[in-house]
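Notes follow the structure.
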Amino acid sequence: MTNDWLHPHAGTAAVLVTVAAVKGSVPREPGAKMLVRAGDFDGTIGGGHLEHRALDIARAMLQLGEARRFERFPLGPSLGQCCGGVAWLAFERMEVEQMDILRARRHQDTWRLVALDGASEWTLLDEAGRHLAGAVTTPALEAQGGTRVVEGEGGRRWLLDAVLAPRDHLMLFGAGHVGAAIVRALAPLPCRVTWVDERDDLFLADIPANVTVEATDTPEALVEKAAPGTSFLVMTHSHALDLRLCHAILSRSSKDWFGLIGSSTKRSQFEARLRERGIDAARIDDMVCPVGLPGIEGKAPAVIAASVAAQLLSVWEAAHHPEEQPELS
């Protein structure tokens, strides 16, 4: 899930709309959000009449100074949507303190606990359940799974909301035209990118929020330290450096996805050199080269980037196991 609602708008009053729970077929999953201001908004809960209705409610709350709502929306004839399911939406006037912490922690997991009944209260917890900000007293809860509605003492309802850092991580080697195009293509997607090159002056002037730049002349050290599950994409300015990185990546104990930009001829040459360096043939077979979706032959950086981004999304989606969400009756 992308946290595209976390864009900074300092000092602007806003209402956060969260899909708290769902039943049946609905446009978005629990945890989907949009941050609504008087004149615009970030994020989406799926578009259509449900989103338009939510925008109207949120802006009415801003005008009235209302702090919170929790409403049930059947997605049938009344909303003109054919999904047929039910969505429960939580509306809350956001405080500057909470937004500042969430933005600062966009690369870390954070749990929000928001009262849906009674006095307006909220709490932020870190990935270990430790208190970060807001009301200290919280109901007993299990901070795992996804966004959901939980019941506390006296039947009081709370929104337990997972604001999770992107799970998918790409380590991209090369800050040339194609590397820059891939960074731009991945900027709005739910992933983290570590962008590596020794040439500090080639990185984009405006680095996307999901990108961390590493200007280093020892990129193999980053490969060694990368966590299992990291995806690797190599496209540097030097075939010799590409080969060193290929060797480092294929020598890892974890069999992570690895793509190398280049032609079939380059692949054949690298296969031979990697075998000479002792890399197992089965591991070499895992190397994806050329990269990108089959059938897309364009060589323009933007075309390659779109193809590679789609390929990565396919790889990451295949690795995910959707979690079952509790339903409200």
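For the peptides 255-268, 169-182, the ranking by packing is 169-182, 255-268, with the highest mean count of neighbouring Cβ atoms within 10 Å listed first.
Over the chain, the ratio between the Cα radius of gyration and 2.2 N^0.38 Å evaluates to 1.15. Placing pseudo-labels 7 Å out from each Cα toward the beta carbon at Asp285 and Ala209 gives an inter-label distance of 4.3 nm. Using 0.36 nm per residue and subtracting the Cα-Cα separation, the extra length available between Gln63 and Val303 on full extension is 81.9 nm. Helix-only arithmetic for the chain: the sum of -39500 (n - 2.57) across DSSP H runs with n ≥ 4, divided by the residue total, places the mean residue ellipticity at 222 nm at -8500 deg cm²/dmol. Can you send over the carbon and sulfur percentage of the accessible area for the chain, probe radius 1.4 Å, protein chains only? Roughly 51 percent, rounded to a whole number. Near Ala90: Cβ cut-off under 12 Å, other residues only, Lys/Arg at +1 and Asp/Glu at -1. The net charge is +4. Going by the alpha-carbon gyration tensor, a ≥ b ≥ c the square roots of its eigenvalues, is region 165-321 rounded (a/c under 1.5) or, if a/c is not under 1.5, prolate (a/b greater than b/c) versus oblate? Cα axes put region 165-321 in the rounded bin. Max-minus-min Cα coordinates of region 1-63 on each principal axis give 37, 24, 17 Å, with the largest extent listed first. The count of lysine pairs in the chain that are at least 8 places apart or cross chains, and whose C-alpha atoms lie under 28 Å apart, stands at 5.
The values are calculated or read from the model by the stated rules, or taken from the named source; none is laboratory data. What you see is a predicted model, and the numbers here were worked out from it, not measured in a lab. Ideal geometry is used to build each Cβ from the backbone, glycine not excepted, and the neighbour counts take in all protein chains shown. To get the accessible areas, we keep the full protein, side chains included, count just its heavy atoms, and leave off ligands, DNA and RNA. Shrake-Rupley method; radii C 1.70, N 1.55, O 1.52, S 1.80 Å.
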